[in-house]
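**Q** Have a look at this one.
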Amino acid sequence: MNKNKKAEKVYAYVGTWASDLHDEQNSENSSGGIHVFLLEQDGQLTHLSNVSEDVNAGILCISSDQRYLYSVNERKNLGGIRGNGGGVCSYAIEPETGLLQYINSTQSMGAYPCYISIDGTGSYVFVCNHGHHMDVVTRVIKNNGGNYVVKPQYDDGNVVMFPVREDGGLGDACDVKLLTGSSVDPFFQASAHPHSVNVDLTDKFVIACDKGTDRIVLYKINFGEGKLMPNVPPYVTTSRGTGPRHLAFHPSLPYLFINNETNSSVSSYLFDTKTGD
């Protein structure tokens with residue numbers, strides 16, 4: 001949602017997929033991208049426009065000054081190139097009408113980018129790439145006993161940091177953090193699958209929920225160098241098989257709440273805004 005205080009208008013932005021995640025080629029008759037609505041005073045939604053119909057706009061975020069909107073393009077083969085990963089798109093918000101003007105896009109540096117957020121200063125955008133559940137490459141290696149074994153390789157699950165340009169567009173990725181590990185489910189948790197990445201209310205930390213490894217991963221933001229620094233501790237381990245997915249901060253108290261995909265539960269945590277613990 002975006003509220004224009006000057007015009008006293010409220011706009012809603014709805015992200016939609018242009019194609020099925022597992023069938024990216026068959027999208028000719030679909031209408032994905034971002035739909036813009038005006039929220040009328042009687043609660044009705046008036047459709048205003050649709051931009052970037054070829055984008056799988058899974059998750060959106062808006063800068064704190066409400067001038068820019070950012071979206072993931074949730075794909076595995078961006079531009080029809082196998083293994084090209086997904087994308088990240090930037091748009092300017094027209095203040096009087098709420099309409100979107102495309103600025104630019106860049107690679108998300110991984111497959112199926114599934115979450116996007118921006119820090120309160122509008123300096124950096126953060127994305128997590130979920131990857132696919134299925135193995136994509138099979139390698140034959142020798143194990144410790146000297147025997148040949150087959151080892152499946154999965155898409156990287158990672159957290160990526162992008163600088164925001166002066167025009168609100170996105171620069172190329174300035175830092176990428178690879179997540180590794182697994183948990184108890186042999187299919188859905190065979191590798192890391194981060195599903196959200198959030199900036200805390202103090203703009204000090206980035207927190208990623210990794211449902212593949214049952215971890216809540218923490219980084220410190222180095223604004224000067226454009227880097228994500230590992231926190232101490234670097235992560236919190238949830239109960240095995242929990243599958244932490246999305247996170248929300250309490251607006252004024254030091255608590256955060258996480259919904260867990262695998263065991264269908266919700267967890268609450270006390271968050272130390274000084275240490276990230």
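**Q** Condition first: more than 20 Å from E74 (Cβ to Cβ) and open to solvent by 10 Å² or more (accessible area, probe 1.4 Å). Now tell me which residues in the range 101-123 satisfy that.
**A** Q101, G120, T121, G122, S123
**Q** State the number of residues belonging to the range 59-79 that are small (G, A, S), open to solvent by 30 Å² or more (accessible area, probe 1.4 Å) and part of a loop (DSSP other than H, G, I, E, B).
**A** Qualifying residue count for the region: 1.
**Q** Does the range 80-94 hold any residues that are within 15 Å of G169 (Cα to Cα) and either open to solvent by less than 40 Å² (accessible area, probe 1.4 Å) or not in a loop (DSSP other than H, G, I, E, B) (or both), and which are they?
**A** Correct list: G87, V88, C89, S90, Y91, A92, I93.
**Q** Looking at the range 142-157, which of its residues are open to solvent by 60 Å² or more (accessible area, probe 1.4 Å) and of a type outside the set (A, V, I, L, M, F, W, C)?
**A** K142, N143, N144, G145, N147, Y148, K151, Y154, D156
**Q** Follow-up. Being modelled with pLDDT of 85 or more, open to solvent by less than 40 Å² (accessible area, probe 1.4 Å), under 22 Å from I103 (Cβ atoms) and not in a loop (DSSP other than H, G, I, E, B): is that true of V36 here?
**A** Judged against the criteria, V36 is a match.
**Q** Next question. Which of (1) within 28 Å of I81 (Cα to Cα); (2) in a loop (DSSP other than H, G, I, E, B) is the odd one out, the single condition G98 does not satisfy?
**A** (1)
**Q** When you go through (1) touching a Lys or Arg at 6+ places or on another chain (Cβ under 8 Å); (2) within 22 Å of I62 (Cβ to Cβ) one by one for P244, which number turns out not to apply?
**A** (2)
**Q** Within the range 124-138, does at least one residue satisfy the condition of being of a type in the set (S, T, N, Q), assigned to a loop (DSSP other than H, G, I, E, B) and open to solvent by 30 Å² or more (accessible area, probe 1.4 Å)?
**A** no
**Q** Among the strands (runs of 3 or more DSSP E) contained in the range 171-277, which hold 3 or more residues that are modelled with pLDDT under 95 and open to solvent by 40 Å² or more (accessible area, probe 1.4 Å)?
**A** In the range 171-277, 227-237 are the strands (runs of 3 or more DSSP E) which contain 3 or more residues that are modelled with pLDDT under 95 and open to solvent by 40 Å² or more (accessible area, probe 1.4 Å).
**Q** Check T97 against each of (1) touching a residue at least 12 places away in the same chain (Cβ under 8 Å); (2) within 26 Å of G157 (Cβ to Cβ); (3) β-branched (V, I, T); (4) open to solvent by 30 Å² or more (accessible area, probe 1.4 Å) and name the one condition it does not meet.
**A** The number of the failed condition is (2).
The values are calculated or read from the model by the stated rules, or taken from the named source; none is laboratory data. Keep in mind it's a predicted model, so treat the numbers as computed, not measured. Ideal geometry is used to build each Cβ from the backbone, glycine not excepted, and the neighbour counts take in all protein chains shown. Accessible surface is based on the protein model in full, side chains and every heavy atom, while ligands, DNA and RNA are left aside. Shrake-Rupley method; radii C 1.70, N 1.55, O 1.52, S 1.80 Å.
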